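J.: The structure's right below; bear with me while I get my questions together.
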Amino acid sequence: MADLDSAVAYAKASGRADTARLAVTGFCWGGRIVWLYAAHNPGLMAAVAWYGPIDRPRTELQPKYPIDLASNLKAPVLGLYGAADQGIPVESVEKMKEACKAAGKTCEIKIYPDTPHGFNADYRSSYRAEAAKDGWANMLAWFKDHGLG
């Protein structure tokens, strides 16, 4: 989180970025970081996580996962996931959806049927053009709906 905080501080100091309109998106492990940063930074206006892990065994380097922080979310989060993702079970995504709802947080989770992990990576065999295009449109709409359009 300190690295992202430093990037935001640098952008603000440069005078080239409007950090009052701060958003974040990320893919795979970056998707996990999106959830964590949405729980960390109260200045974040919106976040979009693309197939970021929700719940895995904790380690010293990864002591928390998004499911642990649902009640701490400070920004609205859109999660984009594939139902055929072999590394992120749909059950964990559904648990995150319920945890956000129980905490009264603004979260929307879209699960694309028959879609694997990495579906927006057009350089991989997992790429799914239709889901990628829809996810990108949803991301842009999410940002616009939360004051970033």
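J.: So which pairs qualify, if the first residue must be in the stretch 10-28 and surrounded by 12 or more Cβ atoms within 10 Å (Cβ to Cβ), the second must be in a loop (DSSP other than H, G, I, E, B) and among the polar types (S, T, N, Q), the Cβ gap must be under 9 Å, and the two must be at least 6 apart or on different chains?
T.: Ala11/Thr19; Lys12/Thr19; Leu22/Asn41; Val24/Asn41; Phe27/Asn120
J.: How many residues does the stretch 115-149 contain that are more than 14 Å from Tyr51 (Cβ to Cβ) and not in a helix (DSSP H, G or I)?
T.: Qualifying residue count, the stretch 115-149: 4.
J.: From the list Pro76, Pro66, Pro42, Pro53, which residue is more than 15 Å from the chain's Cα centre (by Cα) and not small (Gly, Ala, Ser)? Full working, then the answer.
T.: Values: Pro76 fails: more than 15 Å from the chain's Cα centre (by Cα); Pro66 fails: more than 15 Å from the chain's Cα centre (by Cα); Pro53 fails: more than 15 Å from the chain's Cα centre (by Cα).
Of Pro76, Pro66, Pro42, Pro53, the one residue that is more than 15 Å from the chain's Cα centre (by Cα) and not small (Gly, Ala, Ser) is Pro42.
J.: Related question: For Asp55, state whether it is in a loop (DSSP other than H, G, I, E, B), touching a His at 6+ places or on another chain (Cβ under 6 Å) and surrounded by 15 or more Cβ atoms within 10 Å (Cβ to Cβ). Walk me through it before giving the result.
T.: On the way: in a loop (DSSP other than H, G, I, E, B): yes; touching a His at 6+ places or on another chain (Cβ under 6 Å): no; surrounded by 15 or more Cβ atoms within 10 Å (Cβ to Cβ): yes.
So Asp55 does not fit the description; no.
J.: Select from the stretch 99-149 the residues that are of a type in the set (D, E, K, R) and under 19 Å from Ala47 (Cβ atoms) and list them in ascending order. Please lay out each step first, then the result.
T.: Initially, the stretch 99-149 is screened for residues of a type in the set (D, E, K, R), giving 101, 105, 108, 110, 114, 122, 124, 128, 130, 133-134, 144-145.
Within the stretch 99-149, Lys101, Lys105, Glu108, Lys110, Asp134, Lys144, Asp145 qualify.
J.: Can you pull out every residue in the stretch 39-49 that is within 17 Å of Ala20 (Cβ to Cβ) and touching a strand residue (DSSP E or B) at 6+ places or on another chain (Cβ under 8 Å)?
T.: Once the filter is applied, which keeps residues that are within 17 Å of Ala20 (Cβ to Cβ) and touching a strand residue (DSSP E or B) at 6+ places or on another chain (Cβ under 8 Å), the stretch 39-49 yields Asn41, Gly43, Leu44, Met45, Ala46, Ala47.
Read-outs throughout are calculated quantities, based only on the coordinates presented, and are distinct from any laboratory measurement. Owing to the predicted nature of the structure, the values given are computational and were not obtained by experimental measurement. All Cβ positions, glycine included, derive from the backbone under ideal geometry; neighbour counts span all protein chains shown.
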